[in-house]
Amino acid sequence: MSTQVVSVKEISTQRLPMAPSATTAFSPGSSASYLPSTDILSSATTTDHILEGLRSYVSSIDPDECDAGGEDPFFVADIGRIYNLHMIWKKLLSRVEPFYAVKCNNDPVVLRLMAALGTGFDCASKAEITRILDLGVSADRIIYAHPCKASSFVRFAAENNVKNMTVDNVEELYKCKRFFPDANLFLRIHTDDSKSLCRLSIKYGAKIEDAEEILKVAQELGLNMVGVSFHVGSGASDPTAFVEAIENSRHVFDIAMEYGHVMHTLDIGGGFVEETFVNVAHIISRTLDKLFPPHVRVIAEPGRFYVASAFTLATHVIARRYIPQENSHMVYLNDGVYGNMNCIIFDHQVPEPHVLTYQQELVYPEQYTPSTKVKTSLWGPTCDGIDCVSAECYLPYAVEVGDWIYFPNFGAYTLSASSQFNGFNERCHVKYICSEPAAATLAGI
């Protein structure tokens, strides 16, 4: 992946107050009095900056003269948005230490920023662990949050002293005993994730009724069972799922201590989204304070919360067909479900298309107010019929070949899961902007 960096000076910026530790690694204790001077969770400033970034980039491309692939899809990423969301996390969920989920978005600048902010990292493979260690992050800031690991990966974790890891079955205990007996184990338990975008408990998590047997075997093997973990599903919408899972975790803690395990950490997983975060944070904090004393460490594995709204994807219209029988247009883009829009299939997302240019002229919402909507279907570039971005949507213009369409809120489970099927998406630029000066310093852009 290639990258392009734009200076904050290139964009009209409403500057926000600088956090106390903007030029050094983030100190968890420093955020208590700092919150960006914007409405909580408002993304208005981010939207303005991203639109300017989009317009700046497409204005530099001449589709009639550019090299082959010069009009490839690209992202505009507001690193400042991620920074501000981290400050909001520290303000509203101060007891819970975030371990960023690398799988959600493994963009190198994002990872550098999270490392500089002092977060931990949720890794699920040798490659993810290596990427984080290569940033200079210490092994104790990583949780190997995969309950079913390849034996060679367990050995790799042992060789690199990545001690924190999850398990959810007896067989995994024997594997750990053989290859990493000093590991710090977290028993991952089953949750009700029926209201989440992506359900995980159908695949991972020990049933509560099976927890005691696993804890017993861990005690017999002399393993270090130090905590409980759970995940209510990616993109969770029901805060009560967290309450039930925390209550079940308390029950497992009590059983574990009966077997002599020294339980000191609770991992409440991921599932956080901006839309419900204020309410969810309040409910989680209240439940934690009720059930777990202050000496119990609490961590989480957020991903989507941090990056979803920070990234916007821009795509180029490469072809168009008019269907007279339906009075509609089939519009073909240079990105689709095999590329950065894989989230349509794997993450159950419904992309929201916006016209960036019409007849190759920039579209400004305040200047263009068409009274009609054009029935349109959007398609990706590959030869596969499944490569459909939107079977039916209504755009303000009948976009033409050479125009651009963009999709906001495209930072979660997009570029990290894209492929190069059919030879497309071989390079995808990321243009970084920054609505928060402190973030630019921390991320090194």
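My understanding is that a pair violates if its Cα-Cα distance is over 26 Å; which of Lys163/Lys431; Lys90/Lys290; Lys375/Lys431; Lys373/Lys431 do that in this structure?
On the way: Lys163/Lys431 36 Å; Lys90/Lys290 20 Å; Lys375/Lys431 31 Å; Lys373/Lys431 31 Å.
Check vs 26 Å cut-off fails for Lys163/Lys431; Lys375/Lys431; Lys373/Lys431.
Two decimals is fine: what is log10 I(q)/I(0) at q = 0.09, 0.16 Å⁻¹ for the range 78-307, from a Debye sum with one equal scatterer on every Cα and no solvent?
-0.33, -1.11
Using the Karplus curve 6.51 cos²θ - 1.76 cosθ + 1.60 with θ = phi - 60°, work out ³J(HN,Hα) for each residue of the range 384-398 in order, rounded to whole Hz, and write x for Gly and Pro.
8, x, 6, 7, 10, 7, 8, 5, 7, 8, 10, 9, x, 9, 7
Please report, for the Cα atoms of the range 80-143, the Rg to one decimal and the Dmax as a whole number; what are they, in angstrom?
For the range 80-143, the Cα radius of gyration and maximum Cα-Cα distance read 11.4, 33 Å.
Can you give the Kirkwood hydrodynamic radius of the range 295-445 from its Cα pairs, in Å with one decimal? Write down the numbers at each step before the final one.
Details: mean 1/r = 0.0587 Å⁻¹.
Every distinct Cα pair counted, the radius reaches 17.0 Å.
Looking at the range 284-418 only, what percent of DSSP beta bridges run antiparallel? Nearest 5 please.
Working: 19 of 23 bridges.
Roughly 85 percent of the DSSP beta bridges within the range 284-418 come out antiparallel.
Which cross-chain or sequence-distant (5 or more) residues have an amide H under 5 Å from the amide H of Asp267, H modelled 1.01 Å from N in plane?
Val228, Ser229, Phe230, Ile299
Equivalent-ellipsoid semi-axes (√(5λ), Cα gyration tensor) for the range 67-191, whole Å, largest first?
Values: eigenvalues 179, 74, 35 Å².
Value: 30, 19, 13 Å, ordered largest first.
Could you let me know the centre-to-centre spacing of the range 267-294 and the range 147-182, using Cα atoms, in angstrom?
Taking the Cα centre of each part, the range 267-294 and the range 147-182 sit 28 Å apart.
Where the only charges are on Cβ atoms (+1 Lys, Arg; -1 Asp, Glu), what is the dipole of the range 78-307 about its Cα centre, to the nearest 20 debye?
The calculation lands at about 540 debye.
Go through Leu442, Ser328, Ser419 and say which Cα lies farthest out towards the positive end of the charge dipole of the range 316-445; charges sit on Cβ, +1 for Lys and Arg, -1 for Asp and Glu.
The Cα lying farthest towards the positive end belongs to Ser328.
Which one, Val96, Ala68, Val110, projects farthest toward the positive side of the charge dipole computed for the range 55-187 from Cβ point charges (K/R +1, D/E -1)?
Value computed over the given set: Val96.
Of all beta bridges DSSP finds with both residues in the range 78-307, what is the antiparallel percent, to the nearest 5?
Around 5 percent antiparallel, to the nearest 5.
³J(HN,Hα) across the range 254-263 via Karplus (A = 6.51, B = -1.76, C = 1.60, θ = phi - 60°), whole Hz, x for Gly/Pro?
Once θ is set to phi - 60°, the couplings for the range 254-263 become 5, 5, 4, 5, 5, 8, x, 6, 8, 8 Hz.
Each value in this text was obtained by applying a stated rule to the coordinates, not by laboratory testing. Since we're looking at a predicted model, the values are computed, not measured. When we count neighbours, we look across all protein chains shown, and the Cβ atoms used for this are built from the backbone with ideal geometry, even at glycine.
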